[in-house]
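Trainee: Next up is a structure, given as C-alpha cells.
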Amino acid sequence: MREAQSTRSLKPATEAATVPWLALAHRVAGPMAAASVLLLALVGCTQSIRSPEDLVRQVQEIGCISRCQETKDRCDSDARFDYAQCQAGYSTSKRDYRWCLAAGNRQCGYPWWSCSENRYGYCSNRYWECHSACRRVGG
C-alpha cells in the first residue's frame, strides 16, 4: 500500500518531465519574468533625462533630499534621547515623592510632567518641508 502511495505522489512530477514543452516552459518562465520586471523597473519608473543639465539637476535634488533624510534621522535620534532622559527624570522624581510621603511629610510636591511630547511629528514635518524645498529648487 505504501508503494502505491509513493508512486502516486511522484506521478505529477514525472508527467511534467515527460512532456518536453512543459519542462521547457518551466525553465524559460523564470528568467523571462525576471527580465520583464527588470525592464519595467528601469524604463517605466524613471524620469527621462533629456540633457546633461537634467542629470545634474536630478543628482543635486537627490543629494538635497538625502541631506533632509539625514537631518530627520538625527532629529528622531535626539527625540528618542530626550524622551529617555525625561522618563528617567520622572522616575527619579516619582521615587523621591514616594519616599517623602512614606516619611510622613504632607507637602512633598507631586512630580507631574508629561514625557509624551510628539517630537517625531515635528521631525517628520521638517523633513517634508525640506523635501518640498528640494523639489522646488531642483524642478
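Where a number appears in this text, it was derived from the coordinates with a stated rule and is not lab data. All values derive from a computational prediction rather than experimental measurement. Using ideal geometry, Cβ is built from the backbone for each residue, glycine included, and neighbour counts are taken over all protein chains shown.
Trainee: May I have the extent of the alpha carbons of segment 74-139 along their three principal axes, as whole Å values ordered from largest to smallest?
Mentor: The Cα atoms of segment 74-139 stretch 69, 17, 10 Å along the principal axes, largest first.
Trainee: Report the net charge of residues surrounding ARG119, where surrounding means a beta-carbon distance below 9 angstrom and charges are Lys +1, Arg +1, Asp -1, Glu -1.
Mentor: It works out to a net charge of -3.
Trainee: Give me the net charge for the shell around GLU129: Cβ to Cβ below 12 angstrom, other residues only, Lys and Arg +1, Asp and Glu -1.
Mentor: Residues near GLU129 contribute +4 overall.
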